[in-house]
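Inspection log for the structure reproduced underneath, given as structure tokens.
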Amino acid sequence: MKSIQVRDKTFSLFIQADEINKAVEQMAARINSDMKDKNPLFLVILNGAFIFASDLLKKITIPCEVSFVKLSSYIGTKSTSVVRELIGLDQVPADRTVVILEDIIDTGITMGVTTGKLKNLGAKEVLIATLLFKPDAFRMNYDMDYVGIRIPNDFIVGYGLDYDGYGRNYPEIYKIVED
């Protein structure tokens, strides 16, 4: 579909499914190589990263564990700059390599808070794997270890990303059409 309607907003096709799949395959190959002797704990950030994590983890061929946390920092189309932990970590990351799987990093505040918590809990190493990165919106001072696709600072939906809970189910990514 070239465009979709999600609630009161119109979105146009931005990233096709085959481009997403290629980025996920490339990330998985790098992670498999980099983590082959580390037995990492993959920490999936819900809700948005569930589709990305599912596709990526199907391509991970090394021994690993997977856990989930649910964080929120958006209301509507805007980041609130306040990270709320809705479901917390149930694994102890002490002396582990933790790879955070995130759908998108824009301001970077959520990942800054999350990496700090993991380091305080004794993680040996905390790495970040994000499907999408918005460099123009990024306000923090840390590096991402695995980035699938760099995008402009547009509001997007699809492939796990939502607008007020809707639009996650599309296999492509769509960007908002400004009125």
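The values are calculated or read from the model by the stated rules, or taken from the named source; none is laboratory data. If you're wondering where the values come from, they're calculated on a predicted model, not measured in any experiment. Glycine gets a Cβ as well: all are built from the backbone with ideal geometry, and neighbour counts include every protein chain shown. The protein model used for the area step is the full one, side chains on, heavy atoms only, and it has no ligands, DNA or RNA in it. Shrake-Rupley method; radii C 1.70, N 1.55, O 1.52, S 1.80 Å.
May I ask you to list the residues in segment 27-49 that are aliphatic (A, V, I, L, M), closer than 12 Å to residue 129 by Cα and in contact with a strand residue (DSSP E or B) (Cβ under 7 Å, 6 or more places away or on another chain)?
27, 31, 43, 44, 45, 49
Which condition breaks for residue 13 when tested against (1) out of contact with any Phe, Trp or Tyr (no Cβ under 8 Å at 6 or more places or on another chain); (2) at pLDDT 95 or above; (3) not in a helix (DSSP H, G or I)?
Exception for residue 13: condition (1).
Mind listing just one residue for me: the one in segment 113-148 that is open to solvent by 20 Å² or more (accessible area, probe 1.4 Å) and of a type in the set (Gly, Ala, Ser) and, of those, farthest from residue 94 (Cα to Cα)?
148
Counting just the residues of segment 64-83 that are outside any strand (DSSP E or B) and touching a Lys or Arg at 6+ places or on another chain (Cβ under 9 Å), which one comes out modelled with the highest pLDDT?
Ranking the candidates gives 64 first.
Can you tell me how many residues in segment 123-179 are closer than 25 Å to residue 32 by Cβ, among the basic types (Lys, Arg) and part of a loop (DSSP other than H, G, I, E, B)?
1
Do you know which residues across segment 139-179 are of a type in the set (A, V, I, L, M) and touching a Pro at 6+ places or on another chain (Cβ under 9 Å)?
Within segment 139-179, just 151 meets the criteria.
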